[in-house]
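Here the structure is laid out as structure tokens; the discussion comes afterwards.
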């Protein structure tokens, strides 16, 4: 009975708070009815739905027998499965940059909502959920690691996976990845990220 009363009080309190302090869209700052994006900015996001490549996650124009795109059929990527929630366009780029470089830790629940479907489809209870580390200098500049916070919340909300934020380390600093090609990004990540000191013999999923 007390739990039900507390829940009803919280609902009324949140409704009153929204009335007095309406929510604003993360991108355009117009008023919206939810914590996140307004209808116009939401429509600018192109979410990835089936059919898509089972290796790299790129959307396919039609389902094929192997469920692979041409690039992955010719040469498989180093990771077994890669998934993204939406295509990288002007709208999603603004949202991602705001999350990574705009001191926007409050966007973590929004991105966790976006990634819930691909995360629960791939993650198992015994999988290590690894975050991509930041160098100490970059961490002091950003003040948080968005990869680690997102991985932590995904594990908590979906009750699966083993969150391991210290599995990888980045002992070397370097220039930002902005403006780099795909091959340059992969090379920089390999050169600056150290392998775990004591490797685990169990599957791992990386959140970036």
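No value in this document is a laboratory result; all are computed from the given coordinates. Keep in mind that this is a model prediction, so the values were computed, not measured. No Cβ is skipped: glycine too gets one built from the backbone with ideal geometry, and neighbour counts run over all protein chains shown.
Computed FRET efficiency, Cβ-Cβ of residue 139 and residue 81, R0 22 Å: what is it to the nearest 0.05?
Once rounded, the FRET efficiency stands at 0.20.
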Based on the Kirkwood radius over alpha-carbon pairs, what is the Stokes-Einstein translational diffusion coefficient of segment 57-147 at 20 °C with 1.002 mPa s viscosity, in µm²/s?
-> 136 µm²/s
How would you rank 155, 85, going from fewest to most other Cβ atoms within 10 Å of each one's own Cβ?
-> 85, 155
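Round to the nearest 0.05 the FRET efficiency obtained for residue 23 and residue 88 when R0 = 22 Å and r is the Cβ-Cβ distance. Numbers along the way, then the final one.
Numbers: r = 26 Å, r/R0 = 1.17.
Taking R0 as 22 Å, the efficiency between residue 23 and residue 88 is 0.30.
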Full-extension gain in nm, residue 12 to residue 168, via 0.36 nm per residue minus C-alpha separation = 51.8 nm
Stretchable slack from residue 73 to residue 42, in nm (0.36 nm times residue separation minus alpha-carbon distance) = 7.9 nm
Want the number for residue 159 to residue 202: 0.36 nm per residue separation, take away the alpha-carbon distance, what's left?
-> 13.7 nm
Exposure-ranked with fewest Cβ neighbours within 10 Å first, 90, 103 stand as 90, 103
Provide the FRET efficiency to the nearest 0.05 for the residue 126-residue 54 pair, computing r from the beta carbons and using R0 = 30 Å.
-> 0.90
